[in-house]
Amino acid sequence: MQITFWGVRGSLPRPLPPWEMRERQLMLLHEIRLHGLPEEADEERYLDQLQPQLQRLVGGNTSCVEVSVGNQTLIFDAGSGIRILGHRLMQGPCGQGQGHLRIFLSHTHWDHIQGYPYFPPIYVPGNRIEIFSGFPNVRQRLEQQQLQDFFPIPVSAFSAEVLYRSLPPGKILELPESEGFPPGTRILVKELNHPGGAYAYRLESQGKSMVYASDAQFSGMDTASLEQYYDFFHSVDVLILDAHFNFRESLIHRDWGHSSALVGVNMAEQSKAKKLLLYHHAPGYSDQMLYELTEEARAYKRMYFAASDLEIDLATEGLTLSLP
Ligand SMILES: [Zn+2]
Ligand SMILES: [Zn+2]
């Protein structure tokens with residue numbers, strides 16, 4: 001199983017502002033002054049040793065995660081990040097009209113579907129694209145996004161075969177071995193607490209697992225409700241979780257349906273998850289703020305869950321995790 005992040009922001013795409021670019025340049029100059037200029041042959045190694053903020057841009061695209069299993073591609077959400085993923089997929093079978101993709105939508109708030117009309121494989125005859133969702137009317141919702149009042153091209157312009165599949169909570173989707181999935185690969189669904197509803201997906205394959213749980217509020221829940229999520233996330237290898245707000249703002253915006261990194265640590269610890277990826281970052285937060293929030297979450301974990309081996313990382317665009 002291989003997981004790649006193509007969009008990690010929530011609410012709205014967030015291009016890097018010029019003044020933040022300037023700050024990064026100044027930080028890099030500071031590093032060079034401290035450690036000297038590398039030889040030309042050492043440039044890549046030099047960059048790999050810099051602090052994470054200077055190595056990895058968080059990225060500005062909204063929600064989209066690609067998971068490769070066997071020789072198949074699964075996609076979680078169709079935020080603006082799906083556009084670049086689509087261009088990448090066009091270099092393979094999708095470019096020849098021989099692609100078969102499965103897209104799992106958490107819900108249809110803009111930041112999770114705004115990249116859908118810009119997904120190149122959907123305009124290639126012969127490709128087959130299945131859209132899975134817990135909502136029975138997801139087809140209608142996606143068609144509405146492309147009505148002429150909002151978008152110039154209707155869904156009737158799609159040349160690929162697009163199939164809409166209902167995947168309600170409780171139903172288990174077994175992914176077919178005949179198409180290249182390892183035996184026993186399956187997806188489970190769970191409803192999340194979010195205005196208008198949203199769904200989390202748990203993918204299991206070859207003894208490894210990941211959960212995609214974007215747009216979820218856990219604060220204010222009773223113990224019995226929380227335990228349902230501990231069960232759903234239980235012992236998962238990679239937990240991709242809504243960490244939209246910092247802790248203070250999560251208290252101010254109590255009913256906006258989002259979480260914070262600290263709540264994420266609690267959820268991951270209670271579920272015995274192995275790795276927590278902080279995801280769906282608020283558009284108002286700079287890269288620097290997000291790296292600081294990640295450090296704060298690690299410090300919180302060390303203080304309150306000292307014996308745990310939970311790893312915590314920031315989901316950034318282009319980050320790939322391999323679960324061998
Ligand atoms: Zn969202
Ligand atoms: Zn939402």
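Every number in this text was worked out from the coordinates using simple rules, so none of it is lab data. Please read all numbers here as calculations on a predicted model, not as lab measurements. Here the Cβ is made from the backbone with ideal geometry for all residues, glycine too, and neighbour counts use every protein chain on show.
Packing-wise, with mean Cβ within 10 Å as the measure, how do 142-152, 160-170 rank, highest first?
Result, highest mean Cβ count within 10 Å first: 160-170, 142-152.
Please get the size of the charge dipole for the chain, origin at its Cα centre, with Cβ charges of +1 on Lys and Arg and -1 on Asp and Glu, quoted in debye to the nearest 20.
Once rounded to the nearest 20, the dipole reads 520 debye.
Taking the chain as a Gaussian network, where each spring joins two C-alpha atoms under 10 Å apart, which residue of HIS109, HIS280, HIS258 fluctuates the most?
So, out of HIS109, HIS280, HIS258, the one fluctuating most is HIS109.
Can you tell me the dipole magnitude for segment 180-222 around its Cα centre, using point charges on the Cβ only (Lys, Arg +1; Asp, Glu -1), in Debye to the nearest 20?
That gives a dipole near 220 debye.
Can you work out the FRET efficiency for the pair SER322 and GLN148, with r the C-beta to C-beta distance and R0 = 35 Å, to the nearest 0.05?
For SER322 and GLN148, the calculated efficiency is 0.20.
Please build a GNM for the chain, connecting alpha carbons under 10 Å apart, and tell me which residue among GLN98, GLN49, GLN270 fluctuates the most.
Of the options given, GLN49 has the highest mean-square fluctuation.
By how many nm would the segment from SER166 to SER178 lengthen if fully extended, with 0.36 nm per residue of separation less the alpha-carbon distance?
The SER166-SER178 span can extend by a further 2.2 nm.
Compute the FRET efficiency between GLN96 and LEU28 as 1/(1 + (r/R0)^6), taking r as their Cβ-Cβ distance and R0 = 45 Å, and round to the nearest 0.05.
Once rounded, the FRET efficiency stands at 0.60.
Under a point spin-label approximation (7 Å from Cα along Cα-to-Cβ), what is the LEU226-TRP256 distance to one decimal in nm?
Distance between the two pseudo-spin positions: 2.2 nm.
Can you tally the net charge around HIS100? Count Lys and Arg as +1, Asp and Glu as -1, for every other residue whose Cβ sits under 11 Å from the Cβ of HIS100.
Overall, the nearby charge balance is -1.
Would you work out which of LEU276, CYS64, SER308 lies farthest towards the positive end of the dipole of the chain? Charges go on Cβ: Lys and Arg +1, Asp and Glu -1.
Of the candidates, CYS64 comes out farthest on the positive side.
Once every DSSP H run of n ≥ 4 in the chain is given -39500 (n - 2.57) and the sum is divided by its residues, what mean residue ellipticity at 222 nm do you get, rounded to the nearest 500 deg cm²/dmol?
Mean residue ellipticity, 222 nm, calculated: -8500 deg cm²/dmol.
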